[in-house]
Amino acid sequence: MIDANDIPNSQLVLYADDGYDSHVVRLLLEEKQLAYYHSRLHSERPEDLTELNPYHSLPVLQQRDIALYEINVIFEYLEERYHAHKLLPETPQERAIIRQLAWRIQNDWLALGRKLLIHPDSFNKAEGARAKKQLADSLITISPLFAHKPYFMADDFGWCDALLAPLLWRLEEMGIQLPPAITRPLTEYQKRLFERSGFKASVS
């Protein structure tokens, strides 16, 4: 753990591992171009982490006397506190639509992805096979949607893209190979995401 005495009071501190949730938060911080201290943790969790997060999970984003450990809460905090490089649209109606789309991404796709990205000791082969097929079929079905806008149903990079990019980055890890002939719009969308400087910084 980073010694709090070595960090300015207002500085953002991210405790993270190499998992999906940590990747989302790194991407958020990079896309919003925020300076932060990054403490990369691996299999062992320092005891001090329990003081910040009772669930002892990662990521944890700390600033002053607040520690956040759920990606939606972290996103809303960053979006409300730092107004530059907004990832939600301007009007309440548009923001509600994006939040609902983000909820669907997490419930429909990410829920399946989590079953495939689970630790090998807890992996259920039968359940994993079903999740793999469902996620692949869903991505194939929705691929044409990505032909209409540069980003997910939007002209600019936003919250939905921050959720999707780390998931799509892990398709190979999940054993999912999409047929290129019928998923070209999705493939091109992935390329746009992965070529962004913020995304490159999030995986470096």
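The values are calculated or read from the model by the stated rules, or taken from the named source; none is laboratory data. The model shown is predicted, which means the values in this text are computed figures rather than measured ones. As a convention, Cβ positions derive from the backbone with ideal geometry for all residues, glycine included, and neighbour counts pool all protein chains shown. Calculation scope for accessible area: heavy atoms of the full protein, side chains included, ligands and nucleic acids excluded. Shrake-Rupley method; radii C 1.70, N 1.55, O 1.52, S 1.80 Å.
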Straight-line reach check, residue 132, cutoff 23 Å on alpha carbons, 8 or more apart in-chain or any other chain, hits among lysines -> 115, 191
What is segment 77-204's relative contact order, in percent, from Cα pairs under 8 angstrom and six or more apart in sequence? 26
Can you work out the accessible area per residue across the chain, with the rest of the protein chains kept in place, probe 1.4 Å, in square angstrom? 56
The chain: longest segment with zero exposed GluC sites (Glu not before Pro), where exposed means DSSP loop plus at most 16 other C-beta atoms within 10 Å, is residues 91-171
What's the longest bit of the chain with no exposed chymotrypsin sites (Phe, Trp or Tyr not before Pro), using DSSP loop states and at most 12 other Cβ atoms within 10 Å as the test? 124-204
When the accessible area of segment 1-137 is computed with all protein chains present and a 1.4 Å probe, what percentage of it is carbon and sulfur? 48
Give the angle, between 0 and 90 degrees and rounded to the nearest 10, that separates the Cα long axis of helix 20-31 from the longest principal axis of the Cα atoms of the chain. 80
Between helix 184-194 and the chain: long-axis angle, C-alpha atoms, 0 to 90°, nearest 10: 20
Let me know the charge dipole size of the chain about its Cα centre in debye, to the nearest 20, where only the beta-carbon of Lys, Arg (+1) and Asp, Glu (-1) is charged. 860
Once the Cα atoms of helix 159-169 and of the chain are each reduced to a long axis, what angle between those two axes, in degrees from 0 to 90 to the nearest 10, is obtained? 70
Looking at the calculated P(r) for segment 14-107, what percent of the C-alpha pair distances fall above 18 Å? 48
I'd like the projected area of the chain, averaged over all directions, using the convex hull of its alpha carbons. Report it in nm² with one decimal. 12.0
